[in-house]
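Working notes, structure below.
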Amino acid sequence: MNDPPHDHFLRQALKEAERAFEAGEVPVGAVVVREGLVIGRGHNRREALADPTAHAELLAITAAANSLGNWRLEDCTLYVTKEPCPMCAGAIVNSRLERLVFGAWDEQAGCCGSLYQLCRDPRLSHQVVVTGGVLEQECQALLREFFRRKRQGSP
């Protein structure tokens, strides 16, 4: 089986991250893909929804599950611009995603290779294939610009 076109779908996740950036949210975006089609998308909305769980990954996973009418996202890939946190990594495993592809590594909170490798933990009932660092510089650049503006007090 050929690998999916990671750059193409990660660029769609970057578009979601740009939407978060424009809304004043930490710019993380995600899309869920099955058989070459985006079936779920999301971007961070914690501030807008006053919800600590409104991460891009969880919103995209929920949208994909609604699209399929099934919480099991077997044969699906999640593309996200930043390495998932522990909460999102748990949701990735629990939703039975086949693959995770992310852009920027997160040395402070990443749980898919940086601090921990939750998605590949053999003690869990499901393991996810993980590919990190795809379009890493572009994903990092958006995050850096967001936090640079925050430090300067810019909108």
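The values are calculated or read from the model by the stated rules, or taken from the named source; none is laboratory data. In this text the structure is predicted, and so the values were computed from the model without any measurement. Here the Cβ positions follow ideal geometry from the backbone for every residue, glycine too, while neighbour counts run over all protein chains shown. With ligands, DNA and RNA removed, areas are computed over all heavy atoms of the protein, side chains included. Shrake-Rupley method; radii C 1.70, N 1.55, O 1.52, S 1.80 Å.
Put simply, of E18, E25, E83, E35 the only residue that is open to solvent by less than 80 Å² (accessible area, probe 1.4 Å), among the charged types (D, E, K, R), under 22 Å from L135 (Cα atoms) and over 9 Å from the mean Cα position of the chain (by Cα) is E25.
State whether one or more residues within segment 108-127 are open to solvent by 60 Å² or more (accessible area, probe 1.4 Å) and not in a loop (DSSP other than H, G, I, E, B). Yes; the residues of segment 108-127 include at least one that is open to solvent by 60 Å² or more (accessible area, probe 1.4 Å) and not in a loop (DSSP other than H, G, I, E, B).
Against the criterion of being closer than 17 Å to F21 by Cβ and free of Cβ contacts under 8 Å to residues at least 60 places away in the same chain, A89 does not qualify. Among the residues making up segment 65-80, those that are open to solvent by less than 30 Å² (accessible area, probe 1.4 Å) and of a type in the set (A, V, I, L, M) are A65, L73, L78, V80.
Out of (1) within 16 Å of K82 (Cβ to Cβ); (2) assigned to a helix (DSSP H, G or I); (3) touching a Phe, Trp or Tyr at 6+ places or on another chain (Cβ under 8 Å), the odd one out for V31 is which? Of everything listed in (1) within 16 Å of K82 (Cβ to Cβ); (2) assigned to a helix (DSSP H, G or I); (3) touching a Phe, Trp or Tyr at 6+ places or on another chain (Cβ under 8 Å), V31 misses just condition (2).
Only one entry of T62, T53 meets the criterion of being assigned to a helix (DSSP H, G or I), open to solvent by 40 Å² or more (accessible area, probe 1.4 Å) and either in contact with a helix residue (DSSP H, G or I) (Cβ under 8 Å, 6 or more places away or on another chain) or at pLDDT 95 or above (or both), and that entry is T62. Contact map, segment 39-50: first residue open to solvent by 90 Å² or more (accessible area, probe 1.4 Å), second residue in a strand (DSSP E or B) and at pLDDT 95 or above, Cβ cut-off under 9 Å, separation 6 or more or different chains; pairs are R41/G29; R41/A30; R41/V31; R41/V32.
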